Amino acid sequence: MRSSLLYNPFDLVERLAVASQRRRRRRKLAGTPAAALSLGHIDSLELLELLHPAPPGVIYDIGANVGTWTCLAKSVFPQARIEAFEPLAVHFDEFRKWTAPWPDDVRLHPVALGAAERAAEMHVMDYSDASSLLPVNPAGRSEFKINPVASQTVPVVPLDLFAARENLPLPDLLKLDVQGYELEVLRGGTRCLSHAGAVLCEVSFREFYSGQPLFCDVAGMLATHGFALHAIGAGTALGAPLVQTDALFIRSPAPAP
């Protein structure tokens with residue numbers, strides 16, 4: 001036990017509150033496949049729960065990685081269909097493991113998304129979750145303790161073009177976790193964006209990849225398509241400089257006639 005707890009009751013209260021929140025989160029996922037996820041993989045749980053009044057029937061998981069977010073989303077919305085996009089083959093086996101309970105409702109598409117169709121170099125990091133189509137800069141290396149270890153050519157396709165080619169159902173929810181490539185994905189997916197009612201996106205407040213858009217850039221672009229910031233992730237630090245967080249954007253209601 002930390003000695004400060006013996007003479008600082010506020011420290012103890014804070015620790016108890018954190019432990020209580022963790023228990024509540026675990027209880028919400030009890031009996032679902034997401035119960036096996038680590039706390040770090042359920043950061044957007046509360047944001048997903050805000051969508052319960054109008055549950056998404058079709059979800060696009062863009063930047064699906066090993067499938068932990070897809071597992072969480074399917075556990076919160078069991079009836080949803082998920083189209084997942086992940087270009088790095090090293091993640092595919094783990095993705096299939098985490099999504100094995102839903103063989104008919106989850107599809108993995110081995111492609112990166114962007115504004116134009118092309119082949120591009122993926123900068124693979126020693127922490128593969130942080131791999132990006134943009135090169136990491138010194139701030140990113142320092143903040144996240146990551147370094148590039150390889151380069152891999154991947155196909156990049158605009159989302160609207162890919163959805164049309166594959167006859168995908170249009171999304172109700174777009175989730176983006178693409179390490180600085182958010183605007184490029186959105187520029188290639190305006191038709192899908194026009195159909196969605198919500199966007200859940202990882203946003204940054206500092207540039208960690210060269211050319212990365214910041215929160216204000218992503219929020220501004222989404223605003224032009226009728227979305228407004230609705231909530232930020234429960235794990236966002238308060239009273240401290242913002243670094244990264246998950247942000248939920250909801251389509252603004254149409255103005256009254």
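The values are calculated or read from the model by the stated rules, or taken from the named source; none is laboratory data. All of these numbers come straight from a predicted model, not from anything done at the bench. Cβ atoms come from the backbone with ideal geometry, glycine included; neighbour counts cover every protein chain shown.
Residues in segment 143-199 that are among the small types (Gly, Ala, Ser) and within 30 Å of HIS52 (Cβ to Cβ): ALA163, GLY188, GLY189, SER194, ALA196, GLY197, ALA198. Between a residue in segment 42-64 that is touching a residue at least 24 places away in the same chain (Cβ under 8 Å) and closer than 11 Å to LEU200 by Cβ and any residue that is assigned to a helix (DSSP H, G or I) and of a type in the set (S, T, N, Q), which pairs come within a Cβ distance under 6 Å, given they are 6 or more apart or on different chains? Pairs found: ASP61/THR70.
Of all residues in segment 147-176, those satisfying the criterion of being under 13 Å from TYR60 (Cβ atoms) and exposed (fewer than 14 other Cβ atoms within 10 Å of the Cβ) are GLU166, PRO169. Applying the criterion of being part of a helix (DSSP H, G or I) and polar (S, T, N, Q) to the residues of segment 2-60, the residue that is modelled with the highest pLDDT is GLN21. Of all residues in segment 148-191, which are assigned to a loop (DSSP other than H, G, I, E, B), more than 23 Å from PRO213 (Cβ to Cβ) and either touching an Asp or Glu at 6+ places or on another chain (Cβ under 7 Å) or not assigned by TED's automatic domain parsing to the domain that holds SER44 (or both)? Of everything in segment 148-191, just one residue is assigned to a loop (DSSP other than H, G, I, E, B), more than 23 Å from PRO213 (Cβ to Cβ) and either touching an Asp or Glu at 6+ places or on another chain (Cβ under 7 Å) or not assigned by TED's automatic domain parsing to the domain that holds SER44 (or both), namely LEU168.
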